[in-house]
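Trainee: Following this message is one structure expressed as structure tokens.
Bear in mind these aren't lab numbers, they're just calculated from the coordinates by the rules spelled out. The model shown is predicted, which means the values in this text are computed figures rather than measured ones. All Cβ positions, even for glycine, are placed from backbone atoms using ideal geometry, and neighbour counts span all protein chains on display.
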Amino acid sequence: MLLCAIVLGASWPILAALPELPTQVLTGGVYVLTQGTAGTNQITEALAAALVSQSWAEVVSPEILAFGTLRGEPVLARGVEPVAFAQVEGGRWLPGEPASDRWAIAGTRLAGRLGLVTGDRVTLVGSAIPRIEIARIEGTFVTDTSVTDELLVDLGLGRSLTGLDRGVYHVIRVRTVDPQALLAFLETSGASVHVSGPGLPRADINSGPPPDPRVVNLLFRSGFAGLPPDYLSLALPQATNSVSVVALGLMGFVALLVAAGIHSVQTRAFEDHRANVGVLRTLGAGNGWIRMRMLRESLPTALGAAIVGAGIGLVFAALIARGQLVLFGHAVPVAIDLTSFVLVVAAILVSSLVSALVLIGAALRERSMELLTERAEYEPPQSLEAILRG
Amino acid sequence: MRPILRLATRLTSRTRWTARAIGFACAVLVGSLVLVGGLSGGIDALLVRVDTGPFAYIQGRELLETRIDPSVLPSIPGDFDVLRIHVGVLEINGVQLEVVVAALESHRSGTPTAEFPLGLDDVSLDTGLRAEIERLSGSAPAGQGDLTLFGTTLIGLPIVDPPPSRMGFAPTTWAYVRPELLYSVDLTEGGSVQAILTPAPLGSALLVELGLEPLDLLGAAGFMKGGVEEAAQALRLLALVIAVLIGLLVYSAMSLEVHARTAEIRTLRSLGASPASVAGIYEAQALTLGVLGAVVGSALGIVLAYAAVSFAPLVGLPNLVIPSPPLDAVVVTAGIALLAAALGGIVPSRHAALVVRGGRGVGGS
């Protein structure tokens, strides 16, 4: 039971953290504008400039996302405008804000993971087009967001890696305390965009909802050329949903595995105490009293194992997370907190108590004499006697 | 031997639940491996539908650090291109800037040729690099410039027009020279090859022989493949946890089995069974549990994984998973289950071997 609690404590927090990853990478806790269904190239320099001039827009950060590899590892290269990006992320550039035209700056965790130091020259590959670019690491970007796992590049390099036209971006991120003003402004601007962010699942402005065919089907049918203009906003909920389904499925699998393990252990342990149930019933104990006694006897063991196991499991989860459990280039943001601990303990307790009730229920359906009689193990033809007799 | 085998294959209520639990653990592992393998298969199926550029091969993980010995080039089959690429410093129009210097050599029917630039000392500046020089200096690039490569400065090199054609993956900011210029500066560094570009993928045996690694020029492809590889690494942790779980389940079940069958073990010993034979019975029983769990669990895991993939579109879930016959997953799971069961059964079977005939042994019953 202790082992089951350890398994649950080590796996659940990690799996629960997975669904947050895609949204965290794209939005980062602010409002994000992506291309809508009407027209093409709606996320432009002009739109960014118009947003900057609005009083309710605290920070406006236009960005280009280039999914690629660096030294064999999957890495997101993000084309950014340094001042706005540092403000929207709340991070800082080391040794200072990049001044040159062509630069690449590694998030601190990425730099640590891939051993990148200032002055290193690295090979970047194109995202949606075949491309090789050589870039020099000019420094690091310090932040506690998922950007710490990314490579930040100038917008020109971002365009070269993605094949995006001049003056066009993938996303514009906006920090504001007045999202309604943002939506109202976008309505009047005529730009066809999708907006999502804190408390705003997705708003389609001058745009229909993302088309029904899924990104994957479109890719299979006609490759990248078949993608709709708003593929990024289409892909985000699908990626989030997919990761959620996989994570929740694995959580279910682990929970069933743990429940099966607990029931297996308790079944074997209960075999030795079946006769006690018969004795208690012979002495006049009622079924309800026996059930309660079974639960009272199971509870301390289950609670002890659950608390110790969940504690050890969460320590394992924290160690795994600190050892950088990286998926699709980003460390999984594992939350080790009291809620996780309580959930794991509760799951173990419920499994153990349900198992105990099932076992005692089955025993109570038998007659007392059957319980008291040493139950002869069903011996298949391979029993010792049969085998020795040939 | 036959009685031992028959005794070892007994299933009791004590061991039946253990076999089921092992089966479920194996189902989780096989199912996860099938899904991740299927995702990898789906990505491969997708990549044949998009233009990923030529197949590029380097040594290690970094193009600029690759040093492929040119003597291995004759062993590359068919036509291919060779890319030499270094970072140098160009001084022109009174400005100094760091540039990527590339030399492209085509190998057609075993004959290497470099089409541009024509002159041995020529430096061809591509359009983007020319625009950058013009922006920095305020005038079009001069006819001569100095190029520093491998710590050696070559003075007064002729600056010529952009290349007439460009590799699809090359940006417009590179400078091009002939391979001979690189050899002349440094035979070792300049002669080494940084990438081999082929129109079709090279065989894995040849890659191993030459120590080459593929470099995905289409980053989204590499990103997805790398992401799946990271997920597969996480699954290795799951495999380890499941191995420990199976080992402990088997240990627990076999300890109880030995405890409950002490009288039977004494009888066997009285009839002349050696301690090794008795230990063999219980070790084989542990292995039987592992085999049963692996077989049933593998089947269950495959069915569950295929069902998840098949029914996902019906509930509107994206489906990039194309599972293939999961032979690898089954072999890995069976190996883990058997190894864990064998290790988990060692201590109980040793206890069984120590039960003495007619005396009080393990369990004392």
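Trainee: B:ARG61 to B:LEU118: extension gain in nm, 0.36 nm per residue of separation minus the Cα-Cα distance?
Mentor: Numbers: separation 57, 0.36 × 57 = 20.52 nm, distance 3.24 nm.
Length difference between fully extended and current span is 17.3 nm.
Trainee: Contour minus end-to-end for A:GLU58 and A:LEU283, with contour as 0.36 nm per residue of separation and end-to-end as the Cα-Cα distance? Could the numbers behind the result be given before it?
Mentor: Working: separation 225, 0.36 × 225 = 81.00 nm, distance 7.70 nm.
Full extension from A:GLU58 to A:LEU283 adds 73.3 nm.
Trainee: So if each residue of separation counts as 0.36 nm, and I subtract the Cα-Cα distance between B:LEU5 and B:ARG166, what length gain in nm does that give?
Mentor: Working: separation 161, 0.36 × 161 = 57.96 nm, distance 7.09 nm.
Residue separation times 0.36 nm, minus the Cα-Cα distance, leaves 50.9 nm.
Trainee: Let me ask something additional. Give the relative contact order (percent, whole number) for region A:43-191; include only Cα pairs under 8 Å separated by 6+ residues.
Mentor: Numbers: 306 pairs, mean separation 51.3, N = 149.
For region A:43-191, the relative contact order is 34 percent.
Trainee: By the scheme Lys and Arg +1, Asp and Glu -1, what is the net charge of all other residues having a beta-carbon under 15 Å from that of B:ALA232? Walk me through the numbers on the way to the answer.
Mentor: On the way: positive: B:LYS225, B:ARG236; negative: A:GLU73, B:ASP44, B:GLU229, B:GLU230, B:ASP328.
Around B:ALA232, the charge tally is -3.
Trainee: Related question: What is the Cα coordinate range of region B:1-123 on the first, second and third principal axes, sorted by size from largest, in whole angstrom?
Mentor: Projected onto its principal axes, the Cα set of region B:1-123 covers 88, 36, 29 Å.
Trainee: Turning to a different aspect of this structure: If each of A:VAL117 and A:SER189 carries a label point 7 Å out from its Cα toward its Cβ, how far apart are those two points in nm?
Mentor: Reported label-point gap for A:VAL117 and A:SER189 is 4.3 nm.
Trainee: Hey, another quick one. Quick one: if you stick a label point 7 Å off each Cα along the C-beta vector at B:SER204 and B:ASP328, how many nm between them?
Mentor: 0.7
Trainee: At a Förster distance of 25 Å, what's the computed FRET efficiency of A:ASP272 paired with B:SER274, Cβ-Cβ distance as r, to 0.05? Could you put the intermediate results ahead of the total?
Mentor: Details: r = 31 Å, r/R0 = 1.22.
FRET efficiency, A:ASP272 to B:SER274: 0.25.
Trainee: Taking the Cβ-Cβ separation of B:SER75 and A:ASN41 as r and a Förster radius of 60 Å, what is the calculated FRET efficiency to the nearest 0.05?
Mentor: Values: r = 47 Å, r/R0 = 0.79.
Here the calculated transfer efficiency is 0.80.
Trainee: Sequence gap at least 6, Cα distance under 8 Å: using those rules, report the relative contact order of chain B to the nearest whole percent.
Mentor: Numbers: 620 pairs, mean separation 108.7, N = 365.
Relative contact order for chain B comes out at 30 percent.
Trainee: Please return the longest stretch of chain B lacking exposed loop sites, where GluC sites (Glu not before Pro) count only if DSSP places them in a loop and at most 15 other Cβ atoms lie within 10 Å. Mind showing how you got there, number by number?
Mentor: Working: sites that count: B:GLU65, B:GLU115.
Free of exposed loop sites, the longest segment is B:116-365.
Trainee: Under 19 Å from a label point 7 Å along Cα→Cβ of B:VAL347: give me every residue in region A:1-18 with its amide N that close.
Mentor: Only A:1-7 fall inside the zone, counting backbone N under 19 Å.
Trainee: Between beta-carbons, use under 12 Å as the cut-off and find the net charge around A:ASN276, counting Lys and Arg +1, Asp and Glu -1. Numbers along the way, then the final one.
Mentor: Working: positive: A:ARG274, A:ARG281, A:ARG293; negative: A:GLU271, A:ASP272, A:GLU297.
Local net charge: 0.
Trainee: For peptide A:254-264, how many partner chain Cβ atoms fall within 10 Å of a residue's Cβ, on average?
Mentor: Working: counts 3, 0, 3, 9, 1, 2, 8, 10, 1, 3, 12.
Mean partner-chain Cβ count within 10 Å for A:254-264: 5.
Trainee: Tell me the volume per residue, in Å³, of the convex hull enclosing the alpha carbons of chain B. Let's see the in-between values first.
Mentor: On the way: hull volume 75.0 nm³, N = 365.
That works out to 205 Å³ per residue.
Trainee: Please sort A:51-61, A:283-293 by packing, taking for each peptide the average over its residues of neighbouring beta carbons within 10 angstrom, highest first.
Mentor: A:51-61, A:283-293
Trainee: Taking R0 as 22 Å, what's the FRET efficiency between B:LEU187 and B:GLN96 from their Cβ-Cβ distance, rounded to 0.05? Working shown, then result.
Mentor: Working: r = 26 Å, r/R0 = 1.20.
The formula returns an efficiency of 0.25 here.
Trainee: Let me ask something additional. Need one number: nm distance between label points at A:LEU357 and A:ARG136, each 7 Å from Cα along Cα→Cβ, rounded to one decimal.
Mentor: In this crude label model, A:LEU357 to A:ARG136 measures out at 7.0 nm.
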